[in-house]
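For reference, the structure is listed below as structure tokens.
Any read-out appearing in this document is the output of simple, stated calculations on the displayed coordinates, not a laboratory observation. Being a predicted model, the structure only gives us computed values, none of them experimental. Reconstructed Cβ throughout: ideal geometry from the backbone, glycine too, with neighbour counts over all protein chains shown.
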Amino acid sequence: MLIRCEMLKKLANAFIEVAKEENLPVNITMGRSYTDSGGSRQVGIILEFDSWNSKIINDKLADTINRIFELK
């Protein structure tokens, strides 16, 4: 499965660290970063993983979002 998206660079860096620390079954490619109209740094990301691992990847990404933005 290949997912292309854009996200805050802060979130991308945090998710990459989680993926490394927890040895997640995902390949992450970070593309070019830019500053959006609101002044936030954004980056293009490609996530590549087997479809049967999608729940694990989605859950870890959601956990990272909640932690970074202190939503929980």
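Worth a mention:
- Nitroxide proxy distance, nm - points 7 Å out along Cα→Cβ at ARG67 and GLU48: 2.5 nm
- Note on TYR34 and LEU2: with the Förster distance fixed at 22 Å, the Cβ-Cβ geometry gives a FRET efficiency of about 0.50.
- Look at the alpha carbon pairs under 8 Å that are at least 6 residues apart: their mean separation over the length of the stretch 2-68 gives a relative contact order of 42 percent.
- Summing charges over all other residues whose Cβ lies under 12 Å from the Cβ of PHE49, with Lys and Arg as +1 and Asp and Glu as -1, gives 0.
- Potential extension, GLU22-ASN58 segment - 0.36 nm per residue separation minus Cα distance: 11.6 nm
- Only lysine pairs 8 or more places apart, or on different chains, with alpha-carbon atoms under 18 angstrom apart are counted in the chain, and they number 8.
- Hull volume in cubic angstrom per residue (convex hull over the Cα atoms of the chain): 81 Å³
- Taking a sphere under 10 Å around the Cβ of ILE28 and counting the other residues whose Cβ falls inside, with K and R at +1 and D and E at -1, yields a net charge of 0.
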